[in-house]
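This report refers to the structure that appears directly beneath it.
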Amino acid sequence: MSVSDLKERHMAATETVNSLRERLKQKRLLLLDTDVATYAKSQGKTPVCFGPTDLVCCRTLQGHSGKVYSLDWTPEKNRIVSASQDGRLIVWNALTSQKTHAIKLPCAWVMTCAFSPTGQSVACGGLDSVCSIFNLNSPTDKDGTIPVSRMLSGHKGYVSCCQYVPDEDTHLITSSGDQTCVLWDITTGLRTSVFGGEFQSGHTADVLSVSISGSNSRMFVSGSCDATARLWDTRVASRAVRTFHGHEGDVNAVKFFPDGNRFGTGSDDGTCKLFDIRTGHQLQVYYQQHGDNDVPHVTSIAFSISGRLLFAGYSNGDCYVWDTLLAKVVLDLGSLQNSHEGRISCLGLSADGSALCTGSWDTNLKIWAFGGHRRVV
């Protein structure tokens with residue numbers, strides 16, 4: 001068979017796949033008799049209303065000299081770890097803005113960081129394809145930095161995201177540019193399970209984010225450059241439990257809804273979406289119209305404690321607070337005093353829901369405190 005024949009067959013197969021994908025999309029739309037916002041409106045629900053003092057910037061954490069790429073809170077709510085292009089991890093006291101640790105990394109190209117459930121360790125990863133673990137109680141070396149206590153090696157591409165399994169300091173899950181996710185045993189440094197890769201039900205492009213269910217730690221979701229999110233069961237590594245289509249760009253962020261039955265996504269296509277893991281259906285789309293054709297990418301998302309609010313960071317510096325029931329923007333942190341001056345690269349909510357932290361390419365982190373709407377969050 002000649003090269004031209006192969007090209008023709010490939011083009012024909014591509015057209016068939018695209019046609020089937022469009023038909024599947026239309027079938028899904030026919031099955032959706034309503035969405036969350038339409039039903040909520042029919043029940044007389046009204047949007048959450050924020051006053052001028054309900055969410056204010058109470059702290060600016062300054063100390064990084066490069067773009068902030070990632071952050072995470074400890075479960076006890078008062079500490080934050082951040083990772084930056086300056087090649088450092090900084091652990092902050094969120095109440096005082098003081099730095100408790102500044103860790104110089106073996107590889108400066110860090111992309112993700114996470115606190116362990118006990119808050120005794122932090123993990124990070126990046127372009128070195130390794131997830132490094134640091135014990136915060138370890139003595140510092142002669143240069144005043146904490147040595148690496150464990151290096152988790154095995155990925156064949158950059159480490160894009162890491163998250164500890166809830167209530168365990170001994171296991172974490174990473175996602176990577178090698179199209180896989182991995183469950184690690186930190187005690188031994190070995191891979192317990194690999195999700196994707198050679199398996200047909202795995203992602204077909206770089207995996208950018210993971211989120212572990214808070215109600216069932218065996219389940220996690222992943223988002224990828226293949227424009228899909230996938231649900232995994234750590235007991236069945238050979239195939240994804242379900243694949244979620246609908247985005248038209250890279251899925252940069254995934255986050256489980258508080259009840260564990262749904263999850264949110266954020267994408268380069270400028271939308272956030274809400275999916276149900278039981279039915280596989282898309283429940284809601286969160287999209288703000290823009291006057292120009294340059295649609296900002298969604299870089300990071302987080303839900304409030306109740307799930308009524310969705311916080312979404314964007315590449316243009318906006319940070320929207322969405323009412324998840326009515327799919328309406330109820331606040332833009334970018335319009336408030338002391339807002340960031342660059343791309344919002346990461347955000348996260350404290351364990352008790354009383355504060356939001358955002359990180360930006362402007363090298364700063366900001367802590368936003370809730371006033372009168374703390375009960376909503």
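The values are calculated or read from the model by the stated rules, or taken from the named source; none is laboratory data. Everything numeric in this text was worked out from a predicted model, so none of it was measured. So basically every Cβ, Gly included, is an ideal-geometry build from the backbone, and we count neighbours across all protein chains shown.
Taking into account only those residues within the stretch 311-336 that are of a type in the set (Asp, Glu) and out of contact with any helix residue (DSSP H, G or I) (no Cβ under 7 Å at 6 or more places or on another chain), which is nearest to Lys366 (Cα to Cα)? By that ranking, first place goes to Asp332. Of the residues making up the stretch 141-164, those that are hydrophobic (A, V, I, L, M, F, W, C) and under 15 Å from the mean Cα position of the chain (by Cα) are Val159, Cys161, Cys162. Elements of the type strands (runs of 3 or more DSSP E) sitting completely within the stretch 18-119 and holding at least 3 residues that are in contact with an Asp or Glu (Cβ under 7 Å, 6 or more places away or on another chain) and modelled with pLDDT of 95 or more: these cover 110-115.
Can you tell me which residue in the stretch 216-251 is nearest to His171 (Cα to Cα), limited to those that are crowded, with 24+ Cβ neighbours inside 10 Å and under 13 Å from the mean Cα position of the chain (by Cα)? Applying the filter and picking the extreme gives Phe220.
Checking the structure you have, find out if any residue of the stretch 246-265 is part of a loop (DSSP other than H, G, I, E, B), under 18 Å from Val182 (Cα atoms) and assigned by TED's automatic domain parsing to the domain that holds Asn316. Checked against the condition, which is being part of a loop (DSSP other than H, G, I, E, B), under 18 Å from Val182 (Cα atoms) and assigned by TED's automatic domain parsing to the domain that holds Asn316, the stretch 246-265 yields no hits at all. Put simply, of Gly280, Gly313, Gly334 the only residue that is assigned to a loop (DSSP other than H, G, I, E, B) and of a type in the set (Gly, Ala, Ser) is Gly280.
Would you confirm whether or not the stretch 198-208 contains a residue that is among the acidic types (Asp, Glu), touching a residue at least 24 places away in the same chain (Cβ under 8 Å), assigned by TED's automatic domain parsing to the domain that holds Ser84 and in contact with a Cys (Cβ under 8 Å, 6 or more places away or on another chain)? Scanning the stretch 198-208 turns up at least one residue that is among the acidic types (Asp, Glu), touching a residue at least 24 places away in the same chain (Cβ under 8 Å), assigned by TED's automatic domain parsing to the domain that holds Ser84 and in contact with a Cys (Cβ under 8 Å, 6 or more places away or on another chain). Within the stretch 208-240, being among the hydrophobic types (A, V, I, L, M, F, W, C), at pLDDT 95 or above and in a strand (DSSP E or B) holds for Leu208, Val210, Ile212, Met219, Phe220, Val221, Ala229, Leu231, Trp232.
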